[in-house]
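Derivation of every value follows stated rules applied to the coordinates shown; laboratory data play no part. Model, not experiment: these values are computed from the prediction. Backbone-built Cβ (ideal geometry, glycine too); neighbour counts: all protein chains shown.
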Amino acid sequence: MIEEFATISQDAELCGGSHDIDDVHDQLCTQPIRIGRQAWVAAGAFVGPGVEIGEGAVIGARGVTMKSLDPWKVYAGNPARYIRARSRFDRSVLADK
């Protein structure tokens, strides 16, 4: 699910599936991804199965996350690591203009 005012930049990959590597049949396993309101998945970032990007959170360019990210925080790298807090704002006020 991609929530209101979220941004998914070019070449970002949201991958909701993987395979059970311990199953002889290599069974497909899927989990939904949630991109929170006002969050940003930057260019070339990878978001794995079952991950929730919290409201206002940022995964930086080429970042990789297989774990959920806390709201209003900035993450970068592979694996993604916390960088700093992000200022809170409300983009919906701009939509009214």
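What to note about this one:
- Student exercise, the chain dipole from Lys, Arg, Asp, Glu Cβ charges, in Debye to nearest 20: 700
- Panel order for ILE35, ILE53, ILE2, by other beta carbons found within 10 Å of each beta carbon, from fewest to most: ILE2, ILE35, ILE53.
- Near VAL51, once Lys and Arg are set to +1 and Asp and Glu to -1 for all other residues with Cβ below 13 Å from its Cβ, the sum equals -1.
- Sequence-distant contacts, meaning Cα pairs under 8 Å at least 6 residues apart, place the relative contact order of the chain at 22 percent.
- GluC sites (Glu not before Pro) restricted to DSSP loop in the chain with at most 12 other C-beta within 10 Å: GLU4
- Residues ALA61 and THR30, FRET efficiency given R0 of 30 Å [Cβ-Cβ distance, rounded to 0.05]: 0.70
- Counting every other Cβ atom within 10 Å of each residue's Cβ, HIS25, HIS19 order from fewest to most as HIS25, HIS19.
- Of all DSSP bridge pairs formed entirely within the range 7-95, close to 35 percent run antiparallel.
- Dividing the helix sum by the residues of the chain, where each DSSP H run of 4 or more adds -39500 (n - 2.57), gives a mean residue ellipticity at 222 nm of -500 deg cm²/dmol.
- The phi-based Karplus calculation (6.51 cos²θ - 1.76 cosθ + 1.60; θ = phi - 60°) puts the 3J(HN,Hα) values of the range 42-50 at 6, 3, x, 6, 10, 10, x, x, x Hz, whole numbers, x for Gly and Pro.
- Here the residues LEU94, LEU14, ranked from fewest to most Cβ neighbours within 10 Å of their Cβ, fall in the order LEU94, LEU14.
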